[in-house]
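Have a look at the structure below, then the notes.
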Amino acid sequence: MIDRTAGWIAAACGGRLVSGDPERSGACRAVVDSRAAGPGDLFIGLAGAHADGGAFAGRALQAGAWGVLVSREHSDGLVDGGSGRSVEPVAIAVDDPLAALAALARAWRRELGAAVVGVTGSTGKTSTKDILAALLRPHRRTHASRENLNTEVGLPLSVLEAEAGAEVLVLEMAMRGEGQIAELTAIAEPDVGVVVNVGPVHLELLGTVERVAAAKAELIRDLRPGATCVIPASEPLLEGHRRADLATITFGPGGDVQMLSLEPDGRAEIEAPGGILSLELPYRQPHNLLNTLAAVAVAGALGVRPRGPVDVTFSPLRGQEVELPGGVIVVNDCYNANPMSMRSALDHLAATPAARRIAILGEMGELGPDSQRFHAEVAARAGEAGIDVLVAVGNGGRLYLDAFEGGERHGVETPEEAGALLERLARPGDRVLVKGSRSAGLERVLGDGR
């Protein structure tokens, strides 16, 4: 919530107030879609691949938006777009709306004075963000990124959603290429930066895992001196990116924060700086246990020692369990996939009691020239783990079929066909994993968005 005047907002983003009272307040939310704009909203007209949002600023004002922030070429005549209103609408002209959005978010971050956590990694950053927010909320007024607001557009929008009085911001940082984490770090100015892991993702652009590590480590490189860095204990690709002027906390086996025990009922004993912590976890997936250790390390850096039940709500399509008629459990983990997360999900599927274990897998995107090898390795892992049935979805998913041994195999063209096949295949007591990259569209397997 941008609880400041039009004059403050214009100055914060380096713009010029071309209409409206500089003392007018009341902006509650920043939006970049004119169709979503309404009373209390500041519409920011960003240039996109197919359209320039600034051209729709008049529409946003007609819908009752509090004001608009647009490039100078779109600022003329905007008062007419708000004609008939009792209060002259706010219009702010800037050279570059995207840069202005970043500057406005950075100014609001500084105005809040909250501690800021930046979370990145090849996989699991959203779940880590969700777990960390759950650990912090009983102790601090915490704002966390919604769903996947983690890009050069999403992250500043998330910062601007933070209410005055927030004590901690937990911000997810995504990237596809070099320089993008640095851009997000410059906006967020984190006090704590966590790299959850490094793996073979975005190889189509970056080429090697070493370059992926370097791109993720831009977060470490650009932290202020005296800040805290949280990294896996067993990740050699990050060793060369450590800094002597940061406090570094490691997590995982052999790290500063590690799991001592985990009972069947979810009670976990965790060793951490300052003593042993006891948590009650509602999940047992190996990757989320590691994510929990990363979150505990961050919480400790902020002076919070969590304890007791972890009341976490994971973002949609990230390991949600859905029970179908007949007692079939579907693990809906289809938001994204890479070789690391695929192996972890398959291992967890194999370790969970079930009559049969079925994996419905879509392709893993952006893996570059070694894509076929990575898919074959995942399929081989599924066979070794004892998966009973593998359903490969789409042309990319068919890369799994030849390398899967020991179980029943099916290839289908679409997620809808996979859903129909599941209805015929599933038996009471079966457990089903649905996983693939976002581009595979596997959320359509269940047909109703569950």
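The values are calculated or read from the model by the stated rules, or taken from the named source; none is laboratory data. Just so it is clear, the model here is predicted, and its values are computed rather than measured. For neighbour counting, all protein chains shown are included, and Cβ atoms are generated from backbone atoms with ideal geometry for every residue, glycine included.
Does the stretch 170-177 include one or more residues that are touching a Lys or Arg at 6+ places or on another chain (Cβ under 9 Å) and over 28 Å from G40 (Cα atoms)? Show your work before the answer.
Keep residues of the stretch 170-177 that are touching a Lys or Arg at 6+ places or on another chain (Cβ under 9 Å), which gives 170-175.
Filter once more, so that each one left must be over 28 Å from G40 (Cα atoms): 174-175.
Yes.
Just checking, which of S344, S371 is assigned by TED's automatic domain parsing to the domain that holds E416, over 18 Å from E204 (Cα atoms) and of a type in the set (S, T, Y)?
Values: S371 fails: over 18 Å from E204 (Cα atoms).
The unique qualifying residue is S344.
For the stretch 264-330, which strands (runs of 3 or more DSSP E) that fit wholly inside it have 3 or more residues that are hydrophobic (A, V, I, L, M, F, W, C) and within 22 Å of A233 (Cβ to Cβ)? Reasoning before the result, please.
On the way: elements: 267-272, 275-280, 320-324.
In the stretch 264-330, the matching strands (runs of 3 or more DSSP E) lie at 267-272, 275-280.
Return yes or no: is A134 touching a Pro at 6+ places or on another chain (Cβ under 7 Å), surrounded by fewer than 24 Cβ atoms within 10 Å (Cβ to Cβ) and in a helix (DSSP H, G or I)?
Details: touching a Pro at 6+ places or on another chain (Cβ under 7 Å): no; surrounded by fewer than 24 Cβ atoms within 10 Å (Cβ to Cβ): yes; in a helix (DSSP H, G or I): yes.
When the stated conditions are applied, A134 does not pass them.
Scan the stretch 252-267 and tell me whether some residue there is of a type in the set (S, T, Y), over 20 Å from A297 (Cα atoms) and out of contact with any Ser or Thr (no Cβ under 9 Å at 6 or more places or on another chain). Explain how you work it out, then say what you get.
Of the stretch 252-267, the ones of a type in the set (S, T, Y) are 261.
This time we only want the ones that are over 20 Å from A297 (Cα atoms), so: none.
Scanning the stretch 252-267 turns up no residue that is of a type in the set (S, T, Y), over 20 Å from A297 (Cα atoms) and out of contact with any Ser or Thr (no Cβ under 9 Å at 6 or more places or on another chain).
Out of V209, V198, which single residue is modelled with pLDDT under 95, in the same structural domain as G300 (by TED's automatic domain parsing) and crowded, with 22+ Cβ neighbours inside 10 Å? Walk me through it before giving the result.
Details: V209 fails: crowded, with 22+ Cβ neighbours inside 10 Å.
That would be V198, the only listed residue that is modelled with pLDDT under 95, in the same structural domain as G300 (by TED's automatic domain parsing) and crowded, with 22+ Cβ neighbours inside 10 Å.
Output the number of residues of the stretch 236-255 satisfying the condition of being in contact (Cβ under 8 Å) with a residue 40 or more places away in the chain and surrounded by fewer than 18 Cβ atoms within 10 Å (Cβ to Cβ).
Looking only at that region, the number is 1.
Which of the residues belonging to the stretch 334-371 are modelled with pLDDT of 90 or more and of a type in the set (D, E, K, R)?
R343, D347, R356, R357, E363, D370
Kindly check whether there is at least one residue in the stretch 132-139 that is in the same structural domain as Q258 (by TED's automatic domain parsing), more than 27 Å from C28 (Cβ to Cβ) and either free of Cβ contacts under 8 Å to residues at least 40 places away in the same chain or among the charged types (D, E, K, R) (or both).
Scanning the stretch 132-139 turns up no residue that is in the same structural domain as Q258 (by TED's automatic domain parsing), more than 27 Å from C28 (Cβ to Cβ) and either free of Cβ contacts under 8 Å to residues at least 40 places away in the same chain or among the charged types (D, E, K, R) (or both).
Kindly indicate whether any position in the stretch 370-378 is in a helix (DSSP H, G or I), aliphatic (A, V, I, L, M) and over 20 Å from G124 (Cα atoms).
Step one: list which residues in the stretch 370-378 are in a helix (DSSP H, G or I), which gives 370-378.
Keeping just the survivors that are aliphatic (A, V, I, L, M) gives 376, 378.
From what's left, over 20 Å from G124 (Cα atoms): 376.
Checked the stretch 370-378: at least one residue is in a helix (DSSP H, G or I), aliphatic (A, V, I, L, M) and over 20 Å from G124 (Cα atoms).
Hey, any hits in the stretch 115-126 for a residue that's part of a helix (DSSP H, G or I), in contact with a strand residue (DSSP E or B) (Cβ under 9 Å, 6 or more places away or on another chain) and at pLDDT below 95?
Looking for residues that are part of a helix (DSSP H, G or I), in contact with a strand residue (DSSP E or B) (Cβ under 9 Å, 6 or more places away or on another chain) and at pLDDT below 95, one finds at least one in the stretch 115-126, hence yes.
If you take the residues of the stretch 297-323 that are in contact with a Lys or Arg (Cβ under 9 Å, 6 or more places away or on another chain) and among the hydrophobic types (A, V, I, L, M, F, W, C), which of them is surrounded by the fewest Cβ atoms within 10 Å (Cβ to Cβ)?
Among those that are in contact with a Lys or Arg (Cβ under 9 Å, 6 or more places away or on another chain) and among the hydrophobic types (A, V, I, L, M, F, W, C), it is V322.
Return yes or no: is G274 modelled with pLDDT of 95 or more, farther than 21 Å from R176 by Cα and surrounded by fewer than 16 Cβ atoms within 10 Å (Cβ to Cβ)? Break it down stepwise before answering.
Details: modelled with pLDDT of 95 or more: no; farther than 21 Å from R176 by Cα: yes; surrounded by fewer than 16 Cβ atoms within 10 Å (Cβ to Cβ): yes.
It is false that G274 is modelled with pLDDT of 95 or more, farther than 21 Å from R176 by Cα and surrounded by fewer than 16 Cβ atoms within 10 Å (Cβ to Cβ).
Just need a number here: residues in the stretch 137-162 that are β-branched (V, I, T) and surrounded by fewer than 22 Cβ atoms within 10 Å (Cβ to Cβ). So that I can check it myself, show each step before the final result.
Filtering the stretch 137-162 down to residues β-branched (V, I, T) leaves 142, 151, 153, 159.
Next cut, surrounded by fewer than 22 Cβ atoms within 10 Å (Cβ to Cβ) only: 151, 153.
Matching residues across the stretch 137-162 total 2.
Could you look through the stretch 83-131, keep only residues that are farther than 23 Å from A182 by Cα and touching a Leu at 6+ places or on another chain (Cβ under 6 Å), and pick out the one that is surrounded by the most Cβ atoms within 10 Å (Cβ to Cβ)?
The selected residue is I92.
Would you mind stating whether E363 is surrounded by fewer than 21 Cβ atoms within 10 Å (Cβ to Cβ) and farther than 15 Å from I329 by Cβ? It would help to see each step written out before you state the result.
On the way: surrounded by fewer than 21 Cβ atoms within 10 Å (Cβ to Cβ): no; farther than 15 Å from I329 by Cβ: yes.
Here the answer is no, as E363 does not meet what is asked.
Which of the residues that make up the stretch 377-403 are without any contact (Cβ under 8 Å) to a residue 40 or more places away in the chain, touching a helix residue (DSSP H, G or I) at 6+ places or on another chain (Cβ under 8 Å) and either farther than 14 Å from L346 by Cα or surrounded by 23 or more Cβ atoms within 10 Å (Cβ to Cβ) (or both)? Quick ask: steps written out before the conclusion?
Residues of the stretch 377-403 that are without any contact (Cβ under 8 Å) to a residue 40 or more places away in the chain, as a first pass: 377-386, 388-392, 395, 398-403.
Cutting the leftovers down to touching a helix residue (DSSP H, G or I) at 6+ places or on another chain (Cβ under 8 Å) gives us 377-383, 385-386, 389-392, 399-403.
Hits for the stretch 377-403 are V378, A379, A382, L390, V391, A392, L399, Y400, L401, D402, A403.
Determine whether the stretch 54-70 contains at least one residue that is in a loop (DSSP other than H, G, I, E, B), touching a helix residue (DSSP H, G or I) at 6+ places or on another chain (Cβ under 9 Å), more than 21 Å from L184 (Cβ to Cβ) and of a type outside the set (G, A, S).
The initial filter retains those residues of the stretch 54-70 that are in a loop (DSSP other than H, G, I, E, B), namely 63-66.
Right, trim to touching a helix residue (DSSP H, G or I) at 6+ places or on another chain (Cβ under 9 Å) and you get 63, 65-66.
Within this subset, residues satisfying the condition of being more than 21 Å from L184 (Cβ to Cβ) are 63, 65-66.
Next, from what is left, pick out any that are of a type outside the set (G, A, S): 66.
There is at least one residue in the stretch 54-70 that is in a loop (DSSP other than H, G, I, E, B), touching a helix residue (DSSP H, G or I) at 6+ places or on another chain (Cβ under 9 Å), more than 21 Å from L184 (Cβ to Cβ) and of a type outside the set (G, A, S).
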